[in-house]
Amino acid sequence: MAFLADEPSFEEASRALYRNSKVSFDAAIVSWPTDIKDFIMDKFMAISDLHNGVHS
């Protein structure tokens, strides 16, 4: 996520990622460009699955 460091709410998004909080993560990235949000949300969901013990 380092390439997004200048995006609004980057720090909040990072904290939400580490807390595995989808609601907070969604709220933090709401103003980001759609293509970036889609890409990052895919990554968030993959990390969330690992965190929750889901193996694909």
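The values are calculated or read from the model by the stated rules, or taken from the named source; none is laboratory data. The structure presented is a predicted model; accordingly, all values stated were derived computationally and were not measured. All Cβ positions, glycine included, derive from the backbone under ideal geometry; neighbour counts span all protein chains shown.
Miscellaneous remarks
- When residues of region 14-47 are limited to those that are among the hydroxyl-bearing types (S, T, Y) and either in contact with a Lys or Arg (Cβ under 7 Å, 6 or more places away or on another chain) or within 13 Å of L4 (Cα to Cα) (or both), the one modelled with the highest pLDDT: S31
- The set of residues in region 1-38 that are surrounded by 13 or more Cβ atoms within 10 Å (Cβ to Cβ) and either in contact (Cβ under 8 Å) with a residue 60 or more places away in the chain or of a type in the set (A, V, I, L, M, F, W, C) (or both) comprises L4, F10, A13, A16, L17, F25, A27, A28, I29, W32, I36.
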